[in-house]
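Please treat every number below as a calculation from the coordinates, not as lab data. This one's a predicted model, so the numbers in the text were calculated from it and none came from an experiment. Cβ sites come from the backbone with ideal geometry, for glycine too, and all protein chains shown count toward neighbours.
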Amino acid sequence: MDIKKLDAVFERYGYELKQSSPNYRIYVLPQGMYYGAEIVPINTDENLSAITEQYSKLGYACKINNFADEKAAEDYLFKGFFQTKLANKKIEKRYLAFAQKQVKHYGDNNIKYEYIHVPYASNDIVGSNNVERNIIQDVNDIIKRQGAHLIVIEAAAGFGKTCTAFELFHSFKNRTDFIKPLFTELSRNREAKKFKYVLWSEIESEYNSLIKSDLVIYNIQQGKIPLIIDGFDELLSKNIDTGRGEKINDFEQVETMLSTIGELLKTNAKIILTSRKTAIFSGEEFNSWVESYESAFSVIRYQIEKPEVKHWLPKNRLDELYKQQVPLEHISNPVLLTYLRNICDNEFSSLMKDPDSIVDKYFEYLLTREQERQNLVIPPEDQLLIFKNLTKSFALFDVTCETRSFVKELIIDENDSLLKHYRVLSPSKPTLEELADTLTNHALLDRIGNNDYIGFINEFIHGILFGEVLLSENTNFLEEENSLPEDILERAIVSFSYEKREKRELLWNILNALKPRLSSSLKMLMDTNLKNLVYGQFKSTPFNSVNFQNISFAKENCNFNNCIFTDSKFENCIFDLSAFINSGFIGCKFINCAVQMGRTNLPIDNNSVYCYGCEDFGNNFISDFSNLDIVRKDECNDYKTTANYEQIILSKYFRVDGKTPRMKLISSIKEDILEQDREYAFEVFHKLKKAGYILTNGNNSHISQEGIIFYNKTYR
């Protein structure tokens, strides 16, 4: 045993070396009501009864521990200080409380919460591509890896970020002897505290006063405390939604938050963030921030995609949906699928008579159940009005949650006459305060985080309610605001994509008045989610990490001049080539896409479209869509040889030392190459990729082990 390392372990946990000899060491902890003395034999044959009795008489709680090595001592102290024996119970208790809240409004004790795994995409090239795996298994495998990792889980509003975070937290149950996760939920309220302050106040509230913050930091960095931060985006400003930011200082705010996390990402730290889907984590500036830490940690991104209906509903209900020709994309939302999964057969059959009313029936179901659960005399339509008013107040304050007391004040102030009316009708004759208190316990609301904050139970409900506010009041109340609550508008847009067509178009028409003030990404989201089309003239605009499904890019509606789409996914889309001028696609995926106009109808130097590191899964879309296939290879070979560009491209996958491999964004490779050489350079890139020397996932790319061998053998 290394005695110096043993001393360092105990010192780290606040112990003092009180006495030592060649045969034993005594460490005392002079804190708390009862002082402790850990007696560690170095020579196991030594009789320590006398020294134990001596320290007991001095008032120490003594314990003799035989450790095989200093690691065993550290494991012992970690288990004791962080109370790992209680961790299983705490994890289960918190998870069950969350699970019960998800199904309480169904009013049936036989309905149990179940996390259903959803499709996801990942840039983890090192990880398994086994289609049978799920995101929880994948993340747990990363947690077991050596080295520090930042794991980012992104999803659209209402697509299960928090459910996934809780499921991951619950997966640590029964293996907490040497690992204890820390789960924290972030939310935005009027106090608008700094991320660092919020994070550390959450961490400190988790542990007793004997555990110092530097000890927590140490164990986070050792990987013994995986840190799960749900809702990272909640503390971001409203308009940060592009890779570079639409204002000069946009990324500076993100960087300030990330630097707090970067300080923890050392050794074996594992930090998991959930966030609404933004371009923050795919932009050049984020990649530069990562590289500034010089390989101190790896970043792995997961994107939760739309759920597959077949995984949520039994066969008989799925058959009924097909029979009624219900468009599955209009119900592919975890909230709606949970509703369709759990209602009784009679209610499901009734719903199938008017499938366009699924969202309305869902709210009617919730509000009617709430009348029974809380003995409310307030009918569903007026309950809805009360919570629409609350949603409007949240938007004006630019918050997503508030203290229970402030929420009660808002409910009373905005609905005074309504509450007075129903207070009189109630058999129990509650006071306004009592009635408002009952409403803060409503199924549409939920307690957020460890503090006494109240917010909407999920982003889908929040979005529908805010969309209804916009339909009933237009956007007049927002037009006077200096800045718009873009994240709340995003929730409304995403949620309304599951509404009937008439309501989608109504919301689009209303939001159109705000369009000049919206970010490019939100304009795009508004068009694609509410109209299945894209409108507008876009010039020199970047689009990062956007999903397009069943979208028509038609020249009469839109035009893209010198635009770049990065790490985006296009599924069942139709492209009018004349809508694109000198625009590029980097690390994008095209699934079942088609070109409306043949490339041969256009001059070579006009309407240029370039695809770099993209995938079309064998349907030849890229060759029809991109200029790359019309470049004359003999011309290209005149100015650069294949060998030259093989070396140039492969060399970019090594750090300054020329030996250490690195991840490289395809977009940054493009920028590193002269514009006149790009077409041919990327033909070489695709050959290297096809040979297995370069591995890609979206905009991320790595050199493979085979690529390293090839490069060393050929060019060193």
To the nearest 20 debye, the chain has a Cα-centred charge dipole, built from +1 on Lys and Arg Cβ and -1 on Asp and Glu Cβ, of 1440
Helix-only [θ] at 222 nm, the chain, -39500 (n - 2.57) per DSSP H run of 4+, per residue, nearest 500, equals -13000 deg cm²/dmol
Sorted by chain and then number, the residues having a modelled amide H within less than 5 Å of the amide H of residue 188, at least 5 places away or on another chain, are 400, 401
Under 5 Å from the placed amide H of residue 269, counting only residues 5+ away or on other chains, we find 148, 149, 223
Beyond 18 Å, the calculated P(r) of region 1-145 holds a percent of Cα-Cα pairs equal to 71
Expected unfolding gain across residue 623-residue 311 under the 0.36 nm per residue rule, minus the alpha-carbon gap, is 108.8 nm
Here the residues of region 348-363 lying in the modelled label zone of residue 114, meaning backbone nitrogen under 19 Å from a point 7 Å along Cα-to-Cβ, are 348-349
Stokes-Einstein D for region 368-458 (10 °C, 1.306 mPa s, Kirkwood Rh from Cα pairs), in µm²/s, comes to 120
Expected unfolding gain across residue 356-residue 76 under the 0.36 nm per residue rule, minus the alpha-carbon gap, is 94.9 nm
Given unit charges at Cβ for Lys, Arg (+) and Asp, Glu (-), the dipole magnitude of region 3-81 about its Cα centre in debye, nearest 20, is 160
Note: residue 328 to residue 652 extended length (0.36 nm per residue) minus current alpha-carbon separation gives 112.2 nm
Stokes-Einstein, Kirkwood over Cα pairs, region 138-201, 20 °C, 1.002 mPa s; D in µm²/s equals 151
Note to self: C-alpha centroids of region 165-184 and region 675-699 sit apart, in Å, by 41
For region 20-27, Karplus-derived ³J(HN,Hα) couplings (6.51, -1.76, 1.60; θ = phi - 60°; whole Hz; x for glycine and proline) come out as 8, 8, x, 9, 7, 9, 10, 10
Candidates for P(r) over Cα pairs in 20 Å bins from 0, in percent are (i) 15, 43, 30, 10, 1; (ii) 12, 31, 32, 12, 4, 4, 4, 2, 0; (iii) 17, 47, 29, 7, 0, and the calculated one carries label (i)
From fewest to most C-beta neighbours within 10 Å, the residues 75, 233, 413, 45 line up as 45, 413, 75, 233
Projected convex hull area of region 49-126, Cα atoms, direction-averaged, in nm², equals 11.9
The answer for trypsin sites (Lys or Arg not before Pro) in region 535-580 that fall in a DSSP coil and have at most 10 neighbouring Cβ atoms within 10 Å is none
Simple spin-label estimate for residue 537/residue 373, 7 Å along Cα→Cβ, in nm, reads 5.2
Taking the dipole of the chain about the Cα centre (Lys, Arg +1; Asp, Glu -1; charges at Cβ), the one of 613, 318, 17 that reaches farthest to the positive side is 17
So for R0 = 60 Å, FRET eff. of residue 344-residue 21 from the Cβ-Cβ r, to 0.05, ends up at 0.20
In Å, the C-alpha Rg and Dmax of region 3-81 are 11.7, 33
Env charge @ residue 51, Cβ radius under 13 Å, K,R +1 / D,E -1, value +1
The answer for the per residue Cα convex hull volume of region 633-715, in Å³, is 93
On the formula 1/(1 + (r/R0)^6), with r taken between the Cβ atoms of residue 505 and residue 294 and R0 of 60 Å, the FRET efficiency rounded to 0.05 is 0.70
Residues whose modelled amide H sits under 5 Å from the amide H of residue 299, counting only those 5 or more places away in sequence or on another chain, are 150
To the nearest 0.05, the calculated FRET efficiency linking residue 441 and residue 94 through their beta-carbon distance, R0 being 22 Å, is 0.70
Counted neighbours (other Cβ, 10 Å), sorted fewest up, put 105, 117, 462 in the order 117, 105, 462
Checking region 310-382 for trypsin sites (Lys or Arg not before Pro) in a loop per DSSP with at most 10 other beta-carbon atoms within 10 Å yields 353
If 232, 297 are placed from fewest to most neighbouring beta carbons inside 10 Å, the sequence is 297, 232
Binned at 5 Å from zero, the C-alpha pair distances of region 415-552 give percents of 2, 8, 15, 17, 15, 14, 11, 7, 5, 3, 2, 1, 0
Answer check: region 532-628, Cα atoms, Kirkwood Rh, Rg/Rh ratio of 0.91
